[in-house]
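*Asks:* If you scroll down you'll find the structure; I have some questions about it.
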Amino acid sequence: MSLTIVPLQPIERGQLNVMHARGAVMAFALIVPAIIAEVVFADRLPVRGAIAGAALLIGIWLAVIAPPRRWRHWGYAFTGSELHVAHGWWTRVHTIVPVVRVQHIDVAQGPFERGFGVARLMLHTAGTDQTVVVLPGITRATAEEIRDAIRTRIGSAA
């Protein structure tokens, strides 16, 4: 039995901007309480700025450094009969969804995704483990094209 390697294409660069924006929101949610804690507990802290400084470093990681590292490790391929979605660096996950297993398809866009011109394709599959497979960071047109191809394939199988 030979294993065919499907070449994966990267997700859209707009998804990198979405990751930066989400990281910035998380950084803000971390830094603001840290600054408040610094002000409230200023007399009791052994080192001034330690809490806010640590929060700032973590915020920089979340908003600036981590997004490109995560973005580079996403890829996908649609063969007509399967959707391949791969992600991760430390733990590489490569999910293969046979089109015949798809029961429901969603195309979704949050505010950041709309702003940066990307969408998420969500496939709901038959089974009990990993019943939703999400492919983020593709254009809405690509998501709709894959959705329509899967819907046509499912319709002809019924």
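*Asks:* Out of curiosity, is Arg69 closer than 27 Å to Ile5 by Cα, open to solvent by 50 Å² or more (accessible area, probe 1.4 Å) and in contact with a strand residue (DSSP E or B) (Cβ under 9 Å, 6 or more places away or on another chain)?
*Replies:* The answer is no for Arg69.
*Asks:* On to the next question. Going by the conditions given, is Trp90 in a loop (DSSP other than H, G, I, E, B) and either of a type outside the set (S, T, N, Q) or in contact with a strand residue (DSSP E or B) (Cβ under 8 Å, 6 or more places away or on another chain) (or both)?
*Replies:* Yes, satisfied.
*Asks:* Within the stretch 99-123, which residues are open to solvent by 50 Å² or more (accessible area, probe 1.4 Å), farther than 22 Å from His73 by Cα and either assigned to a strand (DSSP E or B) or touching a Cys at 6+ places or on another chain (Cβ under 9 Å) (or both)?
*Replies:* Residues satisfying the conditions are Gln103, His104.
*Asks:* Report, by residue number, each residue of the stretch 10-48 that is of a type in the set (D, E, K, R) and either surrounded by 14 or more Cβ atoms within 10 Å (Cβ to Cβ) or within 13 Å of Phe116 (Cβ to Cβ) (or both).
*Replies:* Within the stretch 10-48, Glu12, Arg13, Arg22, Glu38 qualify.
*Asks:* Next up: What are the pairs, 6+ residues apart or on separate chains, where a residue within the stretch 121-140 that is polar (S, T, N, Q) has its Cβ under 7 Å from a residue that is loosely packed, with under 15 Cβ neighbours inside 10 Å and modelled with pLDDT of 95 or more?
*Replies:* Filtered contacts from the stretch 121-140: no entries.
*Asks:* Still on this model: Evaluate the following for Trp74: is it modelled with pLDDT under 95, aromatic (Phe, Trp, Tyr) and within 22 Å of Gly14 (Cβ to Cβ)?
*Replies:* no
*Asks:* Quick check on the stretch 85-104. Is at least one of its residues modelled with pLDDT of 95 or more, more than 26 Å from His124 (Cα to Cα) and among the small types (Gly, Ala, Ser)?
*Replies:* No, the stretch 85-104 has no match at all.
The values are calculated or read from the model by the stated rules, or taken from the named source; none is laboratory data. Given the structure is predicted, the values throughout are model-derived calculations rather than measurements. Here the Cβ is made from the backbone with ideal geometry for all residues, glycine too, and neighbour counts use every protein chain on show. With ligands, DNA and RNA removed, areas are computed over all heavy atoms of the protein, side chains included. Shrake-Rupley method; radii C 1.70, N 1.55, O 1.52, S 1.80 Å.
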